[in-house]
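The values are calculated or read from the model by the stated rules, or taken from the named source; none is laboratory data. Model, not experiment: these values are computed from the prediction. Because the Cβ atoms are built from the backbone with ideal geometry, glycine has one as well, and the counts that use them run over all protein chains shown. Just so you know, the surface numbers come from the protein's heavy atoms only, side chains and all, with ligands and any DNA or RNA stripped out. Shrake-Rupley method; radii C 1.70, N 1.55, O 1.52, S 1.80 Å.
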Amino acid sequence: MTGGAVAQQSQPDADNTVTRIEVHENGSARWTIQIRTRLNTDQRVDEYRAFQTRFRNDTAQYLDPFRTRITGVVANAANATGRPMRATNFAAATSIQEVPRRWGVVTYAFTWTNFTATRNGPLVVGDVFQGGFFIAADDSLQLVAPDGYAITQVEPAPDSQDGGTVTW
């Protein structure tokens, strides 16, 4: 490395991604994105633990590119909807989950202000996805309504709905 350049840190290959959007009454939403890597051998566990050490020693190397990408996504959504929006409260962590299978998980989170539109009182989610939202075969997207709110209409139809949570 020369000239002060910093190599972008690599992450283990993802087996699936779980995106959870918890909508709040004020129209903001807390996004949590879990990038999950199956740890099905002792070697993969060892490799993931080495990655965790690198991640924890320099979280900014992983969080900063995520922050830059999401800030751009939110700015594009603000331009498309005409609604002022911001992405704040970024966080990143890594863990190993043992149940029901062993997974290495990198979790990114942020708050998206003015995520929803309001129409005569109800919260309307969706205009920020005008260009679509890609979900790969093994990935999922969960949308969670605020406490006390009912989900009255969903398009496209979710794969499941449980109370105030819909999942694709």
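Can you compute the modelled spin-label distance between Asp159 and Thr32, with each label point 7 Å from Cα toward Cβ, in nm?
In this crude spin-label approximation the distance works out to 1.9 nm.
Eigenvalues of the Cα gyration tensor times 5, then square-rooted: what semi-axes does that give for the chain, in whole angstrom, largest first?
31, 21, 13
Relative to the longest principal Cα axis of the chain, at what angle does helix 42-57 sit, 0 to 90 degrees, rounded to 10?
On a 0 to 90 degree scale, this one is about 70.
Based on DSSP, what percent of beta bridges with both residues in the range 11-168 are antiparallel, to the nearest 5?
In the range 11-168, approximately 90 percent of DSSP beta bridges are antiparallel ones.
If you roll a 1.4 Å probe over the heavy atoms of the protein chains, what accessible area per residue do you get for the range 1-126, in Å²?
56 Å²
Could you give the longest part of the chain that holds none of the trypsin sites (Lys or Arg not before Pro) found in DSSP loops with at most 11 neighbouring Cβ atoms within 10 Å?
1-100
Give me the extension gain from Thr167 to Asn57: residue separation times 0.36 nm, minus the current Cα-Cα distance, reported in nm with one decimal.
36.2 nm
Normalised by the number of residues in the range 10-168, what is the relative contact order in percent for Cα pairs under 8 Å and 6+ residues apart?
28 percent
Can you send over the carbon and sulfur percentage of the accessible area for the chain, probe radius 1.4 Å, protein chains only?
After summing per-atom areas, the C and S share lands at 46 percent.
Could you give each residue of the range 22-37 its phi-based ³J(HN,Hα) in whole Hz, using Karplus coefficients 6.51, -1.76, 1.60 with θ = phi - 60°, and x for Gly or Pro?
Per residue, the Karplus-derived 3J(HN,Hα) values read 9, 7, 10, 3, 7, x, 7, 8, 9, 9, 10, 10, 9, 9, 10, 10 Hz.
What's the ranking of 132-145, 150-163 by average number of surrounding C-beta atoms within 10 Å, highest first?
So the peptides 132-145, 150-163, ranked by packing, come out 132-145, 150-163.
³J(HN,Hα) across the range 81-94 via Karplus (A = 6.51, B = -1.76, C = 1.60, θ = phi - 60°), whole Hz, x for Gly/Pro?
Ordered by residue, 3J(HN,Hα) equals 9, x, 10, x, 9, 9, 10, 9, 6, 6, 8, 8, 8, 9 Hz.
So how far, in whole Å, is the C-alpha centre of the range 27-57 from the one of the range 91-152?
The distance from the Cα centre of the range 27-57 to that of the range 91-152 comes to 18 Å.
Roughly how many nanometres apart are two label points built 7 Å out from the Cα toward the Cβ at Ala137 and Val99?
3.0 nm
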